[in-house]
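The values are calculated or read from the model by the stated rules, or taken from the named source; none is laboratory data. Everything numeric here is computed off the predicted structure, so don't read it as measured data. Quick reminder, even Gly has a Cβ in these numbers, built from the backbone with ideal geometry, and neighbours come from all protein chains shown. These accessible areas exclude ligands, DNA and RNA; they are computed on the full protein's heavy atoms, side chains included. Shrake-Rupley method; radii C 1.70, N 1.55, O 1.52, S 1.80 Å.
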Amino acid sequence: MEPTSSEYPQYQAYKFSEKDQPDINITNDDAPIDADDREEDKDTFTVNTCYSRVERHPVRDVCKAMGWKNSISETKGDLFWFIDACNLSLRKMMREKTCYYNRYPRISIVCLKRDFHILLKKYQTFFPKDFDFIPKTYILPEDITAYKRYLDTQDNPILLAKPSKGRGGEGIFFVKRYKDLDQESMKDYEYVAQHYIPNPLLIDKKKFDFRLYLMIKGVENMTGYIASEGMVRFCTEDYTDPFPCDDSDSNGEEELMDNELKKKDNLVGHLTNFCLNKESEKYVNNANFKDTDEGTKRLFTKVLQVLGKMGVDLGKFKEDLNDICTKLVIALRPHIVNKYHHEIGLEGEANQNCFHILGIDLMIDENHKLWIIEINCFPSFNYFITRNIIDETTKKRIKIKQVSEIDKYIKTLIIKEAIQVIRGEYEESDKVFQQIYPPKDTENYKNLNIYDNIRKVFENLAYPQKPDYINLDQFETIGQYGEEMKHIGQEDSKSPEDGRSLTNEIGASAKLDAKILTKTLLRNYFKDYAKSGKQTLMNLSQFTKAIDALATTLYPGYFTKYERMSRIMEDLFHMP
């Protein structure tokens, strides 16, 4: 049954109620942007929305509420609010014009589903206990062997396949058998296939997830903040086991499974994506969201109260949340800084007043464990809902546009608070954003900075060129550090694992001249890389792999990847 226009008696096309919004006026969708350039407003803080789209509405509302000015001039403003990644002309402006900017250049490279999971997989390999909040994920087609083995050997395997560049739930489907997503299907698209969390915590018999906001500010002296308010998104159908384990051997089992995999109703009971659930007749757009625990979208703080009554330890919940977000900032930092140095300039050469608001999607299971599902580089700040309904009079499908009061409340709040933080007005704000990075307990996170140390080495090798790629000649200059490594194999140091001498473990290879050994390894790496048909230039990610290969060869006596990498960073580059 389709929703009809009679369900929305208050609706008139493109006109919106001001109910329950005393602090911010709702504006007509077609109203002009306030671009008043009067002489007396020159000293007023100005936010430029020339390069944004749907974000103009909440940003404009915030400006009106705060007494700031909103401009759509191409060059006027104290803060520029971009829609997404910056193009060449905008990056030129960022280099030359000292203003605030709400984007880091090329940050999307680490926030696509595929690239994000490749990044976190590195940290999981080095620090499995510290990064245990990510469901097991296969990056396809690279992980095809492990992916197929899992599907072939498990009794009741369930994966969620997601196209790397998909958004809003687009293209997501269940995988139970290899034929549901085989190698042939991966020719045109890259996927990630993630273990389905089988025991989600439910409220009102429905699955839900958290959309929270993580803000990163600055470059060299980066800080990170987590918002204490956010959104909880509910499925519109009650949760059921997607594929209960059944030992029966009926002839129709394969056909039944095929039908279940394709049913849209099956997805809206398991995926919380707004774009999927908004078309359901059960979607509830609750304008009274501050006072009731109802609606398909609810306030994070209201749901926390419900979780507390359900027995969730809210103190531990907050501690776990802050820990996850701190580690995300640590993981993203090397790539954000490297891309910024390449696109904008090195420290002291360019404007450092960038900030970025990320959307973090998390779930909680029955054991009260938090899981991160994905990160959104450009979370939507749109507060309009566009839905298809059946007109009661004409019986035809029509499109309506409404304001989502809860979206408006949360998104204007996040924008207002973010701007106050970057302006240095944090003490005057409502303190929705709480600083979590750099962490107060630096000792617990010290080891996780190893990738940022590798980034510094990479940029040092690239200097004075911009640090995006290095070539073989630049890479071979690592050999100049090689003399420092001649002592390896000669000292009688002990492995921390079992006390064995590293002398015997490393053997003859480490007694070679380290400069020659380094050159040989690097040349072989580049040769193998060239054979793959790719250019023989190496970016930061590939450089990290090469250093890992070098560490594995030089330090076979160390039992973990972190121990090997830590040792080479200390011996070769003097970075403890």
I want to check the label-to-label distance for Glu96 and Arg177. Put each point 7 Å from Cα in the C-beta direction and report it in nm to one decimal. 6.2
Describe numerically, in nm with one decimal, the distance between label points set 7 Å from Cα along Cα→Cβ at Glu190 and at Asp132. 3.0
Could you rank the peptides 200-208, 225-233, 45-53 by their average count of other C-beta atoms within 10 Å per residue, with the highest value first? 225-233, 45-53, 200-208
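Report the full-extension gain for the segment Glu570 to Arg149: residue separation times 0.36 nm, less the Cα-Cα distance, to one decimal in nm. Walk me through the numbers before you get to the answer.
Values: separation 421, 0.36 × 421 = 151.56 nm, distance 3.84 nm.
Contour length minus the Cα-Cα distance gives 147.7 nm.
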Need one value: the accessible area of His341 in square angstrom, 1.4 angstrom probe, rounded to the nearest 10. 10
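Is the shape of region 285-400 best called rounded, prolate or oblate, per the rule: a/c under 1.5 gives rounded, else a/b larger than b/c gives prolate, else oblate, with a ≥ b ≥ c the square roots of the Cα gyration tensor eigenvalues? Please report the intermediate quantities before stating the final value.
Working: a/c = 2.97, a/b = 1.34, b/c = 2.22.
Here region 285-400 falls in the oblate category.
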Once you place label points 7 Å from the Cα toward the Cβ at Ala65 and Asn288, how far apart are they in nm? 2.2
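Could you tell me the calculated FRET efficiency between Lys318 and Lys396, based on Cβ-Cβ distance and R0 = 35 angstrom, to the nearest 0.05?
Details: r = 49 Å, r/R0 = 1.41.
For Lys318 and Lys396, the calculated efficiency is 0.10.
So between Lys309 and Asn471, what do we pick up on full extension, going 0.36 nm a residue minus the alpha carbon distance? Before the final figure, lay out each step's value.
On the way: separation 162, 0.36 × 162 = 58.32 nm, distance 5.84 nm.
Additional length available on full extension: 52.5 nm.
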Could you order Asp188, Asp130 so the one with the most accessible surface comes first? Probe is 1.4 Å. Asp188, Asp130
